[in-house]
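Notes for the one structure printed next.
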Amino acid sequence: MNSFEGCIEVRGKGLMWGIELEPSIASLVFEDLKNANFLVGLGGGRKNVLRVMPPMCLTEEDLDRFYACLWETMERHSVRT
């Protein structure tokens with residue numbers, strides 16, 4: 001994810017992850033993922049941290065689908081470095 005200019009930092013542990021995005025694209029990425037039926041949140045002081053907390057029953061197929069959608073969304077809303 002750090003290969004995208006709009007991504008500031010990725011942090012987390014286990015299945016709980018936070019992806020800090022530039023405030024200008026955070027809500028766009030959030031809405032795209034939400035519209036793709038992924039349960040994500042948006043938090044942080046500037047509402048620019050994408051909260052990813054998948055269920056314990058997460059499958060590898062689910063993870064691949066989420067990652068592909070996130071990658072496509074980031075390509076659409078930021079500049080790749």
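Electrostatic bookkeeping for residue 36 treats Lys and Arg as +1 and Asp and Glu as -1; over the other residues with beta carbon under 10 Å from its beta carbon, the sum is -1. Taking Cα centre as origin and charging only the Cβ of basic (Lys, Arg, +1) and acidic (Asp, Glu, -1) residues, the dipole magnitude of the stretch 7-77 rounds to 380 debye. Helix 60-77 and the long axis of the chain differ in direction by around 10°, with both axes built from C-alpha atoms. In the set (1) 85; (2) 162; (3) 182, the label that goes with volume of the Cα convex hull per residue in Å³ computed for this structure is (1). Taking the helices alone, the chain has a mean residue ellipticity at 222 nm of -12500 deg cm²/dmol, built from -39,500 (n - 2.57) per DSSP H run of at least 4 residues and averaged over all its residues.
Of the residues 56, 23, 37, the one whose Cα sits farthest toward the positive end of the charge dipole of the chain, with +1 on the Cβ of Lys and Arg and -1 on the Cβ of Asp and Glu, is 23.
Summing +1 for each Lys or Arg and -1 for each Asp or Glu, what net charge is found among the other residues whose Cβ lies under 12 Å from the Cβ of residue 73? Taking every other residue near residue 73 into account, the sum is -2.
Only the coordinates and a few stated rules stand behind these numbers; no lab work does. Worth saying up front: this structure is predicted, and the values here are computed from it rather than measured. Glycine gets a Cβ as well: all are built from the backbone with ideal geometry, and neighbour counts include every protein chain shown.
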